[in-house]
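Asks: Sharing a structure with you now.
The values are calculated or read from the model by the stated rules, or taken from the named source; none is laboratory data. None of the values given here were measured: they were computed from a predicted structure. Every residue, glycine as well, gets a Cβ built from its backbone with ideal geometry; the counts of neighbours run over all protein chains shown.
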Amino acid sequence: MQDARQLTINAIRVLSADAVEKAKSGHPGIALGAAPIGYAAYTNMTFNPKNPKFFNRDRFVLSAGHGSMLAYSLLHLFGFGLKIEELANFRQFGSRTTGHPEYDLCPGVETSTGPLGQGFANAVGMAIAESHLAAKFNKEGFPIVDHYTYVLMGDGCMQEGIQYEAASLAGTLKLGKLIALYDDNDITIEGSTDIAFTEDVAKRHQALGWQVLHIADANDVNAISRAIKKAKAETEKPSLIIIKSHIGYGSPLVDSASSHGAPLGQENIKKLRENLGWDYAPFEVPKEVYSHCKRFGNKGKKAEKAWKELFKQYSETYPELAKEFDAWLNPDFTNVLENEEIWNFEKNDASRGYSHTVLNKLEKLVPNLIGGSADLTPSNKSNMKGRADYSAENRAGSNMHFGIREHAMTSIVNGMYLHGGLVPYCATFAVFADYMRPAMRMAAIMEIPAIYILTHDSIGVGEDGPTHQPIEHFDSFRSMPNVNVYRPADGRETTACYVSAITGKNPSCLFLSRQTLPMIEGTGKDALKGGYIIRDSVKSTPDVILMATGSEVLLAINAYEILKEQGVDARVVSMPCMEVFDKQTKKYKESVLPSKATKRIAIEASLSNAWYKYVGLNGKVIGMNGFGASGPAEELFKHYGFTAENIVNTALELLK
């Protein structure tokens, strides 16, 4: 007779295998081997299944997202409201039990995972957020921010570069409340990990500043629980618990790559049941399992009740802090939208400089703004002068130093947002957004408003040459769904981009110049519409429309003045954000780009693809058709045709 604990672990295994079998798709091996690890985590965590968003809950991230059925089985059994029918509907269209866990779709899922290593870096961000909020709000006797971040990872996560980057920073920052559970089964898709991965993971993490604990057998739940307690006791280091497991445990395919990414098959499922002593039909769970799991949910409900009582006392003792805490968790950016001073600038600057000015005005309006750069703060100008640095010694600081780790930095920022309570941003050179792209894509999928500051935005970088000159980057991120790509022309447009990014719902890329962009008459709040008329024609249907972004807007205005002298009735449209413009009303878009005005020219120092939806078949794009070159920026702009004279000649040719 199995005890309730073993019965629960086997329920996790069989439910997962049955769901994969029914779907004819999925990854059963990890769920069979790591079921005791998931069970040990959930029975040691603080959570309230009736309120999955309870603030002071422990966070659990399944970085090995292909093992989604492990997570869904845990969420079902521990009472998160995921019905048995939804497990049976695994990987089907419209189901909440998707192939990989999706944020804000399934209760209890803290972040979307799938690309290996992303969840691990998200967890680092969550641990940073917890420590920062604790430093800001906790008072003696009132630990209102006091929880742990757990991440379950596998051999695949451990091999990804982002894991090393994030683990390195976590060790440097001494994130003692981060607990990584490593399902070490020595198997990946191609077979044994030895074919490509023989390093000493323990020594690597010890060198990175982690506490490393070893569990010889994943089935020893007591040992895992003891290790978790040791991890909690270690406050100066994050903890890696290396747990030796057997992929496909209980099935004839145990320790085989064959159990990794395909259904076991009916015969192997039958033998799995026999080996586990599981005498129940598919998707049938004995009542004692639910009763057993309910104990931990009830424990979590009591924990939330106790936390609410603690917060009530905190509110009475520290009313202003309590009010601020609530404001951080439930942001209202009315003060940003209504503030006039952030639109004022004293001198001409590069848009990266305007960005610095805006950022330092916003830090007074948005107290939970936090972020930094991948070792490029002096160039990105991404620091907040009125704030201290965040570090292992000062958790209250909000200027982050991510080190030269663009990929991890971006995913960590995503995790900081997902934790709740913060408005995070990060920065690097625009060309290095290539290193950020996988994490930016995850933010786009989740539709979280992380802010990515990307400076040195064009051939205006000049002498650094093509390796540092972004050419295809605007287009590539414009082609990514749910991302807003901003490229402002001056300070007021930079303000509009920040206001839109902070108050929006999608991730934002702010492409900013190295070279000086003078303030332009006519810019302002209209930029919040994404595109607007900055110099107008006399007629309602202009002879030609000139469209541009960033440093090329002034070139378009100069060309406008020359064309005006030659009797050409032109219009100039500044387009700081295509995605925002495209969401405007049909009437507004028609007023800016009237359909009868078919002679159109777009000017942007990047690839041309994105502009053809505006210029149409009768228009022209002055853009880059290849990579740049090394040389002074002024010479490069002239060489590649970014001059008022070339715009004028192109317009006259178009009007023939």
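Asks: So which residues in the stretch 326-369 are touching a Gly at 6+ places or on another chain (Cβ under 8 Å), under 23 Å from D389 (Cα atoms) and not charged (D, E, K, R)?
Replies: Matches in the stretch 326-369: W328, L329, Y354, T357, V358, N360, N368.
Asks: Within the stretch 544-565, which residues are within 21 Å of C577 (Cβ to Cβ) and touching a residue at least 40 places away in the same chain (Cβ under 8 Å)?
Replies: Of everything in the stretch 544-565, those that are within 21 Å of C577 (Cβ to Cβ) and touching a residue at least 40 places away in the same chain (Cβ under 8 Å) turn out to be I545, L546, M547, A548, T549, G550, S551, E552, V553, L554, L555, A556.
Asks: Look through S355, S351, S398, S379 and report the one residue that is surrounded by 15 or more Cβ atoms within 10 Å (Cβ to Cβ), closer than 16 Å to I128 by Cβ and either in the same structural domain as V485 (by TED's automatic domain parsing) or not charged (D, E, K, R) (or both).
Replies: It is S398.
Asks: Name the pairs whose Cβ atoms lie under 8 Å apart, with the first residue in the stretch 502-526 and on the phi > 0 side of the Ramachandran plot, the second of a type outside the set (K, R), and 6 or more positions between them or separate chains?
Replies: So the pair list comes out as G522/I534; G524/W343; G524/A496.
Asks: Restricting the search to the stretch 263-280, which residues are under 40 Å from the mean Cα position of the chain (by Cα) and not in a helix (DSSP H, G or I)?
Replies: P263, L264, G265
Asks: Go through (1) of a type in the set (V, I, T); (2) crowded, with 19+ Cβ neighbours inside 10 Å; (3) free of Cβ contacts under 8 Å to residues at least 60 places away in the same chain one by one and return the number of the condition T198 breaks.
Replies: Of (1) of a type in the set (V, I, T); (2) crowded, with 19+ Cβ neighbours inside 10 Å; (3) free of Cβ contacts under 8 Å to residues at least 60 places away in the same chain, only one is false for T198: (2).
Asks: Separate question: Is it fair to say A388 is free of Cβ contacts under 8 Å to residues at least 24 places away in the same chain and either under 30 Å from T172 (Cβ atoms) or surrounded by 18 or more Cβ atoms within 10 Å (Cβ to Cβ) (or both)?
Replies: Spelling it out, A388 is indeed free of Cβ contacts under 8 Å to residues at least 24 places away in the same chain and either under 30 Å from T172 (Cβ atoms) or surrounded by 18 or more Cβ atoms within 10 Å (Cβ to Cβ) (or both).
Asks: What pairs come up if the first residue lies in the stretch 109-135 and is closer than 19 Å to Q163 by Cβ, the second is surrounded by fewer than 24 Cβ atoms within 10 Å (Cβ to Cβ) and of a type in the set (S, T, Y), and their beta carbons are under 8 Å apart, counting only those six or more places apart or on different chains?
Replies: Close Cβ pairs satisfying both conditions: E110/Y103; T111/Y103; S112/Y103; I128/Y390.
Asks: Given the conditions (1) closer than 18 Å to V499 by Cα; (2) out of contact with any strand residue (DSSP E or B) (no Cβ under 6 Å at 6 or more places or on another chain); (3) aliphatic (A, V, I, L, M), which single one is not true for I370?
Replies: Single failed check for I370: (2).
Asks: Which condition from (1) hydrophobic (A, V, I, L, M, F, W, C); (2) touching a strand residue (DSSP E or B) at 6+ places or on another chain (Cβ under 7 Å); (3) surrounded by 20 or more Cβ atoms within 10 Å (Cβ to Cβ); (4) part of a loop (DSSP other than H, G, I, E, B) is the one that V568 breaks?
Replies: Unmet for V568, out of (1) hydrophobic (A, V, I, L, M, F, W, C); (2) touching a strand residue (DSSP E or B) at 6+ places or on another chain (Cβ under 7 Å); (3) surrounded by 20 or more Cβ atoms within 10 Å (Cβ to Cβ); (4) part of a loop (DSSP other than H, G, I, E, B): (3).
Asks: L175: more than 18 Å from the chain's Cα centre (by Cα), buried (at least 22 other Cβ atoms within 10 Å of the Cβ) and assigned to a helix (DSSP H, G or I), yes or no?
Replies: Answer is no for this residue.
Asks: Just the residues that are exposed (fewer than 12 other Cβ atoms within 10 Å of the Cβ), at pLDDT 95 or above and of a type in the set (S, T, N, Q), please, taken from the stretch 621-635.
Replies: Once the filter is applied, which keeps residues that are exposed (fewer than 12 other Cβ atoms within 10 Å of the Cβ), at pLDDT 95 or above and of a type in the set (S, T, N, Q), the stretch 621-635 yields nothing.
Asks: Condition first: of a type outside the set (G, A, S), surrounded by 24 or more Cβ atoms within 10 Å (Cβ to Cβ) and over 16 Å from Y614 (Cα atoms). Now tell me which residues in the stretch 537-552 satisfy that.
Replies: Within the stretch 537-552, E552 is the sole residue that qualifies.
Asks: Still on this structure, I have one more. Would you check which residues across the stretch 124-150 are under 30 Å from I187 (Cα atoms) and touching a Gly at 6+ places or on another chain (Cβ under 6 Å) and list them?
Replies: Listed by number, the residues that qualify are G125, M126.
Asks: Hey, another quick one. Any chance the stretch 383-404 includes a residue that's among the charged types (D, E, K, R), more than 17 Å from the chain's Cα centre (by Cα) and under 28 Å from V109 (Cβ atoms)?
Replies: For the stretch 383-404, residues among the charged types (D, E, K, R), more than 17 Å from the chain's Cα centre (by Cα) and under 28 Å from V109 (Cβ atoms): present.
Asks: Identify, please: which residue in the stretch 487-536 is among the hydroxyl-bearing types (S, T, Y) and surrounded by fewer than 21 Cβ atoms within 10 Å (Cβ to Cβ) and is, among those, farthest from S574 (Cα to Cα)?
Replies: The selected residue is T503.
Asks: On to the next question. Among residues belonging to the stretch 590-629 that are in contact (Cβ under 8 Å) with a residue 24 or more places away in the chain and among the basic types (K, R), point out the one that is nearest to Q469 (Cα to Cα).
Replies: K620
Asks: Let me ask another. Exactly one of (1) surrounded by 14 or more Cβ atoms within 10 Å (Cβ to Cβ); (2) among the basic types (K, R); (3) more than 33 Å from the chain's Cα centre (by Cα) is unmet by K299. Its number?
Replies: (3)
Asks: Determine, yes or no, whether E288 is touching a helix residue (DSSP H, G or I) at 6+ places or on another chain (Cβ under 7 Å), assigned to a helix (DSSP H, G or I) and either polar (S, T, N, Q) or surrounded by fewer than 16 Cβ atoms within 10 Å (Cβ to Cβ) (or both).
Replies: Yes: the conditions hold for E288.
Asks: Go through the residues of the stretch 586-604 one by one and say whether even a single one is under 19 Å from S351 (Cα atoms), in contact with a Gly (Cβ under 9 Å, 6 or more places away or on another chain) and crowded, with 22+ Cβ neighbours inside 10 Å.
Replies: Yes: the stretch 586-604 contains one or more residues that are under 19 Å from S351 (Cα atoms), in contact with a Gly (Cβ under 9 Å, 6 or more places away or on another chain) and crowded, with 22+ Cβ neighbours inside 10 Å.
Asks: Provide a single number: the residues in the stretch 391-409 that are in contact (Cβ under 8 Å) with a residue 60 or more places away in the chain, more than 19 Å from G176 (Cβ to Cβ) and polar (S, T, N, Q).
Replies: Total satisfying the criteria: 1.
Asks: Could you run through the stretch 84-126 and say how many residues are out of contact with any Cys (no Cβ under 6 Å at 6 or more places or on another chain), buried (at least 22 other Cβ atoms within 10 Å of the Cβ), of a type in the set (A, V, I, L, M) and part of a loop (DSSP other than H, G, I, E, B)?
Replies: Residues in the stretch 84-126 being out of contact with any Cys (no Cβ under 6 Å at 6 or more places or on another chain), buried (at least 22 other Cβ atoms within 10 Å of the Cβ), of a type in the set (A, V, I, L, M) and part of a loop (DSSP other than H, G, I, E, B): 1 in total.
Asks: Which residues, taken from the stretch 60-83, are over 19 Å from the mean Cα position of the chain (by Cα) and not in a loop (DSSP other than H, G, I, E, B)?
Replies: G67, S68, M69, L70, A71, Y72, S73, L74, L75, H76, L77
Asks: Follow-up. If we only count strands (runs of 3 or more DSSP E) wholly inside the stretch 455-549, which ones have 2 or more residues that are under 30 Å from G631 (Cα atoms), in contact with a strand residue (DSSP E or B) (Cβ under 7 Å, 6 or more places away or on another chain) and outside the structural domain of M442 (by TED's automatic domain parsing)?
Replies: Output list reads 544-548.
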